Amino acid sequence: MPTHEEDELFLDQYRKLTREQRALFRRAARELSEDADSGQFRASLRAHPMKGQKDLWEMTWEGNDGRAMFTYTQSHLPGKRHIIWRRIGSHGIYKK
């Protein structure tokens with residue numbers, strides 16, 4: 001499993017999610033973590049690099065509305081990746 005951390009903005013946005021949204025995100029984040037070290041993400045997450053943003057990725061959760069942005073880098077652990085969660089919410093996160 002990769003290591004991870006969260007930006008302050010991500011934490012602020014996460015706190016504003018409903019209990020159900022948080023649960024759905026946590027499930028999607030677990031799936032992303034399971035896939036991260038191989039670099040092959042399951043199709044249901046729709047994880048891909050963001051257009052025009054070097055090293056910034058996005059994934060979908062909760063149908064088509066839930067979004068999370070993250071950076072995907074090498075971990076300090078050999079052979080592992082590190083995820084830095086940047087933003088979370090709906091399409092509105094792209095405006096911040």
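The values are calculated or read from the model by the stated rules, or taken from the named source; none is laboratory data. What you see is a predicted model; the values in this text were computed from it and never measured. Because the Cβ atoms are built from the backbone with ideal geometry, glycine has one as well, and the counts that use them run over all protein chains shown.
If you scan the range 1-42, which residues turn out to be over 13 Å from ALA68 (Cβ atoms) and of a type in the set (Ser, Thr, Tyr)?
Residues satisfying the conditions are THR3, THR18, SER38.
Quick one: which strands (runs of 3 or more DSSP E) sit completely within the range 1-81 and have at least 3 residues that are touching a strand residue (DSSP E or B) at 6+ places or on another chain (Cβ under 8 Å) and modelled with pLDDT of 90 or more?
Working: elements: 3-6, 56-61, 66-74.
So the answer is 56-61, 66-74.
Restricting attention to the range 15-25, does a residue exist that is touching a helix residue (DSSP H, G or I) at 6+ places or on another chain (Cβ under 8 Å) and farther than 22 Å from ARG81 by Cα?
yes
Any idea which of HIS91, HIS48, HIS76, HIS82 is surrounded by 12 or more Cβ atoms within 10 Å (Cβ to Cβ) and of a type outside the set (Asp, Glu)?
Checking each option against the conditions leaves just HIS82.
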